[in-house]
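**Q** Below: one structure in structure tokens.
The values are calculated or read from the model by the stated rules, or taken from the named source; none is laboratory data. Only a predicted model underlies this, so the values are computations on that prediction, with no experimental measurement involved. Ideal geometry is used to build each Cβ from the backbone, glycine not excepted, and the neighbour counts take in all protein chains shown. Each accessible area value is taken on the protein alone, full model and side chains, heavy atoms only, with ligands, DNA and RNA left out. Shrake-Rupley method; radii C 1.70, N 1.55, O 1.52, S 1.80 Å.
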Amino acid sequence: MNTALTIAGFDPSGGAGLQQDLKVFHAFGVYGLSAAAALTAQNSSGVTAVKAVDGNFLRKQLEVLLSDIVPDATKVGMLLTAANVRVVARIFRKYRLKNIVLDPVIVSSSGRMLAEKGVPELIRGEIFPYCAVITPNIHEASVLSGVAVTTDADMAKAAIILKGFGPRQVIITGGHRSGSAVDMVYDGTFSYLKGKRAAGEYHGTGCAFSSAVTALLGKGLDVQDAALNAKRFMGRSFRKSFSTGKGLRLFSI
Ligand code: PLP
């Protein structure tokens, strides 16, 4: 059985972060491993508090796990602190992990910061170079590239800048754009993932897409095929989503 690791934040609602990632891995028949970098207090309406896991303790989780099991793919989500970014970069060097996917989590849909000041830039410098692919949405791509992304041309410009920091591929997801919901894939040439815009607001969309890509890389697909299949999986997930809380819709994966 293939294995995938997620290094991310804890979400009590199960709609994002570690719990969501594990459900997605399971849906693809991949065994899920997880290490907690942060805790959040949140429900379907938003995040009310965040707390970092101490960097030393994140290191201990990863060391004991990786000395036993080497995952076929690894996803990085919410890290929150500079200490956690440095720990993860050191772990990537030490264990030479492959098929690394980064969802550069910066801010929740409800506006709560999920990365401390200076952390996005540190992630760009320390984590990007190890990544097979990074999956920012247009807001994250804007912060990380310095290009305010609204048009197709902005998206392309941001992708070129982001690839310059070292990831082998960049996928800028288009779900937050007002017009088309097309995702842009850039590996030196551009390609596009088309999908119908889903009506409504959803919790954990970025987490679900990036963990689907991770599971599929772990199963041996290349990034292009993984992204295409992850996009189809998202289409199915939007159709199967449901509303149980007072806020955003949740995926019933
Ligand atoms: N909570 C955690 C732990 C996350 O990792 C993320 C995003 O990746 C979020 C919340 C944000 O989810 P949303 O954009 O649905 O607010």
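**Q** In the range 171-201, which residues are among the hydrophobic types (A, V, I, L, M, F, W, C) and more than 19 Å from the chain's Cα centre (by Cα)?
**A** Phe190, Ala198, Ala199
**Q** Another question, then. Residue by residue through the range 25-78, note down the ones that are within 12 Å of Phe10 (Cβ to Cβ), among the small types (Gly, Ala, Ser) and surrounded by fewer than 23 Cβ atoms within 10 Å (Cβ to Cβ).
**A** Of everything in the range 25-78, those that are within 12 Å of Phe10 (Cβ to Cβ), among the small types (Gly, Ala, Ser) and surrounded by fewer than 23 Cβ atoms within 10 Å (Cβ to Cβ) turn out to be Ser34, Ala36, Ala41, Ala49, Ala52.
**Q** Sticking with this one: Take the range 212-222 and flag every residue that is over 16 Å from Lys240 (Cβ atoms) and buried (at least 22 other Cβ atoms within 10 Å of the Cβ).
**A** Across the range 212-222, the qualifying residues are Val213, Thr214, Ala215, Leu216, Leu217, Gly218.
**Q** Tell me, please, whether a residue that is touching a residue at least 12 places away in the same chain (Cβ under 8 Å), of a type in the set (A, V, I, L, M) and out of contact with any strand residue (DSSP E or B) (no Cβ under 9 Å at 6 or more places or on another chain) can be found in the range 213-229.
**A** No: the range 213-229 contains no residue that is touching a residue at least 12 places away in the same chain (Cβ under 8 Å), of a type in the set (A, V, I, L, M) and out of contact with any strand residue (DSSP E or B) (no Cβ under 9 Å at 6 or more places or on another chain).
**Q** Still on this model: With at pLDDT 95 or above, closer than 17 Å to Ala208 by Cβ and in a loop (DSSP other than H, G, I, E, B) as the only criterion, which of Gly9, Gly29 stands out?
**A** Gly29
**Q** Hey, could you check the range 84-123 for residues that are open to solvent by 50 Å² or more (accessible area, probe 1.4 Å) and within 15 Å of Ser142 (Cα to Cα) and say which is nearest to the chain's Cα centre (by Cα)?
**A** Val107
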